[in-house]
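Here's the structure, in structure tokens; my notes come after.
No lab work stands behind these numbers, since they all come straight from the coordinates. What you see is a predicted model, and the numbers here were worked out from it, not measured in a lab. Every residue, glycine as well, gets a Cβ built from its backbone with ideal geometry; the counts of neighbours run over all protein chains shown.
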Amino acid sequence: MSPYHRTGWIGVFALSALVACATTNPLENDGGHSTAPDGSKSTVDADPMDPDAAPRPDASPDAAIPHPDPDAAVMPPDAAVPHPPDAAVTHPPDAAVPCTPTTTNLLVNASFDTGPGTMWAEVGGAGEIILAGTNLQMHAAHSGTFAAWLGGYNSGDDQLTQTIIVPASATGLRFKGQRWIETLETDNGTYDKLTFEILGATGTNVLESIGGAPVFTNAAKTTTWTAFDFPVTGNYAGQTIRLRLRALTDFINASSFFLDTIALEATVCQ
Ligand SMILES: [Ca+2]
Ligand SMILES: [Ca+2]
């Protein structure tokens, strides 16, 4: 057989195969399916397999992620962090310190009975302030023999000052004692004044006026020794301070402020 004839037979066979293939395709084309040129099937129903349709299932998880409130999950830790440490740090040490509160008088010669010149610095325009006996204008001292007499004359400025070291363990201070106030004023106006002052260590600045400024005036006159007791509001633990007792009188109708048995009482832990 010549090459020509062989080629001619092959061509006829190939043509027949194409015809046969064309006649068998309708048998495979059921239910709307079609055969792709590469032999794979592509259908309208095959969306899950369609790369274009694939993102849709993924859209649901993506939409679910932001809604569980990542913001809400972040805030509770923020709120929880600052408070427990603060409460834990501050309170337990206070409660844990073993302490038996006791009170002690920080003043020396607090009843003036050691006499003038002991611990008290005196400034006044009418002589001695710490007095005894008949020099107290016939007032018996509240304790011992000596008491302090501030004022008693017009346009006066009498001062008794003592320097005090407040213990570092002091948790509170009170100023208490006995007063006896007499006056020649005839009404309840406030003309002559008494102050109890806390000064700084240098004695030049007033840190606090105990019980108010003034604490007593001619309007608070008494007929005998009368107790007073005031809290000191500042915290002076560990500091050097000065306590100043001061009477200021105006130009007429003198007032006298007698003081005795006083105490700058500190509460301390022991
Ligand atoms: Ca006394
Ligand atoms: Ca007066």
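For this structure, a couple of remarks:
- Added length on full extension, which subtracts the Cα-Cα distance from 0.36 nm per residue, ASN253 to CYS269: 1.1 nm
- Relative to the current alpha-carbon distance between THR102 and ASN205, full extension at 0.36 nm per residue lengthens the span by 34.1 nm.
- Ordering of 257-263, 122-128, 210-216 by packing is 257-263, 210-216, 122-128, highest average first (other Cβ atoms within 10 Å, averaged per residue).
- Each residue of the stretch 259-268 was assigned a 3J(HN,Hα) from its phi angle through the Karplus curve 6.51 cos²θ - 1.76 cosθ + 1.60 (θ = phi - 60°); the sequence is 10, 7, 6, 9, 8, 9, 8, 9, 9, 10 Hz, with glycine and proline shown as x.
- Placing pseudo-labels 7 Å out from each Cα toward the beta carbon at ARG174 and ASP157 gives an inter-label distance of 3.3 nm.
- Here's how it looks for VAL232: its modeled amide H is under 5 Å from those of LEU173, ARG174, PHE175, which are all 5 or more places away or on a different chain.
- Mean Cβ neighbour count within 10 Å, used as a protection proxy, ranking 98-107, 196-205, 145-154, 166-175 highest first: 145-154, 166-175, 196-205, 98-107
- The convex hull drawn around the Cα atoms of the stretch 101-269, when projected onto a plane and averaged over every direction, covers 9.1 nm².
- Stretchable slack from ASN188 to ASN135, in nm (0.36 nm times residue separation minus alpha-carbon distance): 16.3 nm
- MET119, MET138 arranged by Cβ crowding within 10 Å, fewest neighbours leading: MET138, MET119
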